[in-house]
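Visitor: Okay, handing you the structure first.
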């Protein structure tokens, strides 16, 4: 299991913008991460809650950690979230009452210029979001 400190060394996000708290499992094509339930001070919260669309950022960070682990990289590889497709938002927001989040990402394909992941994000009560994301690497 990787802790938040390990994750922060592998992705470009630090402090409150690092949304993941641990890596529970990873292998060549999959990663499972967890994150604490969001509080009122969450960096992506609006006046009422964290919108469910923020699940895409959780998934993108999980994909970044996965890429770093697969490449055995100590520093984050420069990339950006280039496209999201087939996104389904099943909840209006990410609610602290739902408990810890589980973020799953599966590598579907990779070329030198980027990679494609399927993802799903759920709390302890319900599914929040799923879809696909494309990460483009800086050359």
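What follows is calculated from the coordinates using simple rules that are stated; it is not laboratory data. The shown structure was predicted, so the numbers you read here are calculated from the model rather than taken from an experiment. Cβ: placed from backbone, ideal geometry, glycine included. Neighbour counts: every protein chain shown.
Visitor: Within the group 99, 109, which residue is under 23 Å from residue 23 (Cα atoms), surrounded by fewer than 16 Cβ atoms within 10 Å (Cβ to Cβ), more than 14 Å from the chain's Cα centre (by Cα) and free of Cβ contacts under 8 Å to residues at least 12 places away in the same chain?
Guide: When all the criteria are applied, what remains is 109.
Visitor: Would you say residue 46 is under 17 Å from residue 131 (Cβ atoms) and surrounded by fewer than 17 Cβ atoms within 10 Å (Cβ to Cβ)?
Guide: Answer is no for this residue.
Visitor: Another one. Scan the range 25-43 for residues that are more than 13 Å from the chain's Cα centre (by Cα) and within 17 Å of residue 99 (Cα to Cα) and report the count.
Guide: Within the range 25-43, residues that are more than 13 Å from the chain's Cα centre (by Cα) and within 17 Å of residue 99 (Cα to Cα) number 6.
Visitor: Residue check, residue 61 against (1) surrounded by fewer than 17 Cβ atoms within 10 Å (Cβ to Cβ); (2) under 16 Å from residue 21 (Cα atoms), all met but one. Which one?
Guide: (1)
Visitor: Now, a different point. Residues in the range 84-92: is at least one closer than 23 Å to residue 3 by Cα and surrounded by 16 or more Cβ atoms within 10 Å (Cβ to Cβ)?
Guide: Within the range 84-92 (the criterion being closer than 23 Å to residue 3 by Cα and surrounded by 16 or more Cβ atoms within 10 Å (Cβ to Cβ)), the answer is no, since none of the residues qualifies.
Visitor: Can I ask one more? How many residues, within the range 10-29, are surrounded by 15 or more Cβ atoms within 10 Å (Cβ to Cβ) and outside any loop (DSSP other than H, G, I, E, B)?
Guide: Number satisfying all stated conditions: 4.
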